[in-house]
Ligand SMILES: [Zn+2]
């Protein structure tokens, strides 16, 4: 079996998310260098604050301001920070219960090494220089020496109520995310793509129903069986159906209008799709006979053009629509 | 309606660091054919099909629809998909059979973690406002839980290493496992967790067939009857939870009837050594219970399939007469966030 194909695949998206009133106040507060929590009906203070009580599911809206200092409740030493994490030098992940809060906030803790970190240690917020209303407005936590460790960490500051009102509140966040993959299409599609680079269309035949799939995906979806017998089809084919594209796609250097069609290659059991060129868009029709056009060095056909043969009879492709 | 439903067949792939020579459907198809072959059923005989997978793992949109090619979904079949571990697909299929809408169900799941940076990919399931922007990876979050357990005196690093060693030693009898036999415990990945405390990253697939009542008896010599299944979830904010305990697991086990009588076997989905400590405590498992004879997720952890494999392994032990009453557990999310418990029994011998 030839070497399987692989290619880098980057999946990247900027998620735009709106905020509820509690989240908005919390993230706007971070921008203004203060930390807000939310009170539950049984008197607990949740930091980071949520819109609904995690126990009762009750809507909660009473905000309080807690201290920017707190106590580590658990931690983990990260000696090899990953690309998008808060610090690019070794740091501790920590859950920190801020003074006045009953729950802990996850963030990075900047410390010289694992020996300098322990559960119960006192820390304080290090604010980011540029703040936009995001959890990353807290750059990280840093050690803070204000006397003996308090395992509980509470009672140092009684949280004061806060209206949650700010000038120019943050109402949404844009969370960018990028993941880098190395994609492999597997056995059947590797064989197809390699043959295509040699200007051959090679599909695979189902051992049961004998249908030839182009491009092959490795299985016959009707029979649920693996396909493996390779069958060369085309190069000519028949337009089974088509549409006229009138809107220019971003980053696509094709003049509109153009025709995008389903093309049943001769010998194939289903149609693939491609652009039709070499003929005015309004003269493309079902049954039109076409052949692929290759450009220099291309691994796949640029488009399909009419062969000049008479149109195919409808009955020859009706099952392939 | 009170119907008896059983796992009557189970199959899994050999789990490997990479399966790059296979597409997802190419990887999945052999296990589908395996369970159908064990029961003599054809696709057309299956009343309901349910699958579990996540497109994020391989970065391939709508991969679950392509995976359906392996089932033979034409003419159209009754089918569903969960963007979760296959254990939750089994839960959906079990409820479908309970309603009487179907007598048999095919459940499968698969995961290809090899194409992507799994530790980072899994951060995308976290709270998008407060947590995901920090990209805390799956090992880091498990390490926070492990440290909490160490601080509480529930475990220590040597005890965690012993969990790892026992799991991989047991996996020597499991030809499908990815990590078998002595494995160095290694350096810290995120302290206190070392490489040996973490599951292998790999690709794999699994499938089971469920059947109701007499149908199950006809398809399997000793069906693994599902006496109960339940799943529960913790609050999503890590800082709200007591990371040393798993009340959701305990509640799911209670609802599934796990505490009514002792089990002899438990297949726990504990990808990290420290999580087995939490689960043993939550499930009140004593030393008489055989835990993870398959080697568990520390020996093979194909994400999205590893939970279903726990149910399959427990059922297979009932099928083989090696267990009379087994507990299977599956988890999802960071630090055992969501937990499913199933109780399986064989007919008296
Ligand atoms: Zn076929």
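Since every read-out is calculated from the coordinates, none of them should be taken as a lab result. Everything quoted here is computed from the prediction, not taken from an experiment. Virtual Cβ from ideal backbone geometry, glycine too; neighbours counted across all protein chains shown.
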Can you bin chain A into rounded, prolate or oblate? Criterion: square roots of the alpha carbon gyration tensor eigenvalues sorted a ≥ b ≥ c, rounded for a/c under 1.5, prolate for a/b above b/c, oblate for the rest.
-> prolate
Nearest-0.05 FRET efficiency for residue B:152 and residue A:315 at R0 = 51 Å, using Cβ-Cβ distance, is 0.10
Peptides ranked, highest mean first, by Cβ atoms within 10 Å: ranges B:297-306, A:64-73 | B:297-306, A:64-73
Under the 7 Å Cα-to-Cβ spin-label approximation, residue A:6 and residue B:74 lie apart by a distance in nanometres of 3.4
Alpha carbon convex hull of segment A:186-233, projected area averaged over orientations, nm² | 2.8
Quotient of Cα radius of gyration and Kirkwood radius for the protein assembly as shown, i.e. Rg/Rh, equals 1.02
One finds the C-alpha centres of segment A:23-94 and segment B:17-61 to be spaced, in Å, by 41
Return the whole-Å distance between the Cα centroid of segment B:267-321 and the Cα centroid of segment B:132-207.
-> 13
Length-normalised contact order of chain A, Cα under 8 Å, at least 6 apart, in percent, tallies to 15
Across the residues of A:83-90, average count of Cβ atoms on other protein chains within 10 Å?
-> 3
Only residues of segment B:266-280 count here: report those whose backbone N is under 19 Å from the spot 7 Å along Cα→Cβ of residue B:235, or say none.
-> none
Indicate, rounded to the nearest 5 percent, the antiparallel portion of the DSSP beta bridges found entirely in chain B.
-> 75
Peptide ranges A:106-113, A:248-255, B:256-263 listed from the most packed, as the mean C-beta count within 10 angstrom indicates | A:106-113, B:256-263, A:248-255
By how many nm would the segment from residue A:34 to residue A:300 grow when fully extended, if each residue of separation counts as 0.36 nm and the alpha-carbon distance is taken off?
-> 90.0 nm
Taking the Cα-to-Cβ direction at residue B:172 and at residue B:255 and moving 7 Å from each Cα, how far apart do the two end points lie in nm?
-> 4.1
Segment A:9-176: relative contact order as a whole-number percent, Cα under 8 Å and 6+ apart | 29
Over all Cα pairs of segment A:236-321, the Kirkwood radius sets Rh, and Rg/Rh then becomes 0.96
Averaged over B:49-58, number of beta-carbon atoms from partner chains that fall within 10 Å | 1
Per the C-alpha gyration tensor (a ≥ b ≥ c, the square roots of its eigenvalues), segment B:141-242 is rounded if a/c is under 1.5, else prolate if a/b beats b/c, else oblate; here it's oblate
Under a point spin-label approximation (7 Å from Cα along Cα-to-Cβ), what is the residue B:347-residue B:159 distance to one decimal in nm?
-> 4.3
Roughly what % of Cα-Cα distances in chain B sit above 37 Å, to the whole percent?
-> 12
When DSSP beta bridges are limited to those with both residues in the protein assembly as shown, what percentage is antiparallel, rounded to the nearest 5?
-> 85
For residue A:232 and residue B:33, FRET efficiency with R0 = 25 Å and r from the beta-carbon atoms, rounded to 0.05?
-> 0.35
Which FRET efficiency value, to the nearest 0.05, do you get for residue A:255 and residue A:208 by plugging their Cβ-Cβ distance into 1/(1 + (r/R0)^6) with R0 = 60 Å?
-> 0.85
Summing -39500 (n - 2.57) over the DSSP H runs of n ≥ 4 in the protein assembly as shown and dividing by its residue number, what mean residue ellipticity at 222 nm do you reach, to the nearest 500 deg cm²/dmol?
-> -6000 deg cm²/dmol
Could you work out, for segment A:9-176, what percent of all Cα-Cα pairs fall into each 5 Å distance bin, beginning at 0 Å and stopping at the bin that holds the largest distance?
-> 2, 9, 16, 19, 19, 17, 10, 5, 1, 0, 0
What relative contact order, as a whole-number percentage, does segment B:304-349 give when Cα pairs under 8 Å and 6 or more residues apart are counted?
-> 37
Shielding by partners - mean other protein chain Cβ count within 10 Å, residues of A:62-74 = 2
In angstroms, what radius of gyration and Dmax does segment B:43-167 have, counting Cα atoms only?
-> 19.2, 58
